């Protein structure tokens, strides 16, 4: 009989933080006390929101990102936890949108590959991320689980999900910053992706507001996690809090044996002309 491996991931649903704040310290302590060894922060929590960054001097953005990096690296070591956090970094005078995985003794960085390009929210025009070549999604192994990191906007990409299924990712962690009245659509998207992938899907979304003259950006939270059967196991509402997602290998095996979408997809060959 195979041993049923389990592990917990804590989503820290919060507003933008002063990165050296006692609030972050408190949230990490609570996450560890609840049995989590991975903590996830949403987008634009360690930095100002995109609309603010677009109006900020490069030197300010660089300082903000460097301070966030230094503090999170220190906290990962202090709490002996892995912290996953999006941070905007600056190389030369160009900003890049990245997500970092801070382990107690090492740090990894992954740049976002698919950037939003709407007229009211054009990250593709602002950030210098290399989009000429679309690299496969990032997958790493933690306590026997294959974990994929995505930005929220990348959840829409069928190209990525083909790779996620092909590489048998067990858990997908998506960091996001969703606003307006989109939470029902995001729930549907997350449930569908987890069901088709036969995997857990953990989505971290921030709370708070950004006010413009003509538009009130309300970040509604609703961080959630879905099981491999496409069911929402738990979610938060629109306030700060911690969501602990419990992942089990047995549920992944059961879902994949029952439906076999990944096995079928890996055996298919599409004729192209």
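The values are calculated or read from the model by the stated rules, or taken from the named source; none is laboratory data. Predicted model only: the values in this text are computed from it and were never measured. Here the Cβ positions follow ideal geometry from the backbone for every residue, glycine too, while neighbour counts run over all protein chains shown.
A few notes on this one:
- Residue 68 being under 23 Å from residue 219 (Cβ atoms), touching a residue at least 40 places away in the same chain (Cβ under 8 Å) and outside any strand (DSSP E or B): yes
- Residues of the range 117-134 classified as surrounded by fewer than 17 Cβ atoms within 10 Å (Cβ to Cβ), assigned to a loop (DSSP other than H, G, I, E, B) and at pLDDT 95 or above, total: 1
- Residue check: residue 90 meets all listed conditions (1) assigned to a helix (DSSP H, G or I); (2) at pLDDT 95 or above; (3) touching a strand residue (DSSP E or B) at 6+ places or on another chain (Cβ under 9 Å) but one, namely (1).
- Within the range 199-224, residues that are touching a residue at least 24 places away in the same chain (Cβ under 8 Å) and at positive phi have Cβ atoms under 9 Å from residues that are surrounded by 24 or more Cβ atoms within 10 Å (Cβ to Cβ) and in a strand (DSSP E or B) in these pairs: 208/219; 221/13; 221/205; 222/13; 222/203; 222/205, counting only partners at least 6 apart in sequence or on another chain.
- Of everything listed in (1) in contact with a helix residue (DSSP H, G or I) (Cβ under 7 Å, 6 or more places away or on another chain); (2) in contact (Cβ under 8 Å) with a residue 40 or more places away in the chain; (3) under 26 Å from residue 170 (Cβ atoms), the single unmet condition for residue 104 is (2).
- Complete set of residues in the range 135-156 that are part of a loop (DSSP other than H, G, I, E, B) and either out of contact with any helix residue (DSSP H, G or I) (no Cβ under 9 Å at 6 or more places or on another chain) or loosely packed, with under 13 Cβ neighbours inside 10 Å (or both): 135, 143, 144
- Just so you know, in the range 200-227 the residues that are under 15 Å from the mean Cα position of the chain (by Cα) and assigned to a loop (DSSP other than H, G, I, E, B) include one that is nearest to residue 159 (Cα to Cα), and it is 223.
- Here residue 181 fulfils each of the conditions (1) without any contact (Cβ under 8 Å) to a residue 40 or more places away in the chain; (2) in a helix (DSSP H, G or I); (3) over 20 Å from residue 247 (Cβ atoms) apart from (2).
- In this structure, residue 75 does not satisfy being more than 17 Å from the chain's Cα centre (by Cα) and within 21 Å of residue 178 (Cα to Cα).
- Selected residue (criterion: modelled with the lowest pLDDT) from residues of the range 241-273 that are in contact with a strand residue (DSSP E or B) (Cβ under 6 Å, 6 or more places away or on another chain) and under 25 Å from residue 185 (Cα atoms): 241
- Of the criteria (1) part of a helix (DSSP H, G or I); (2) over 19 Å from residue 137 (Cα atoms), which one residue 189 fails: (2)
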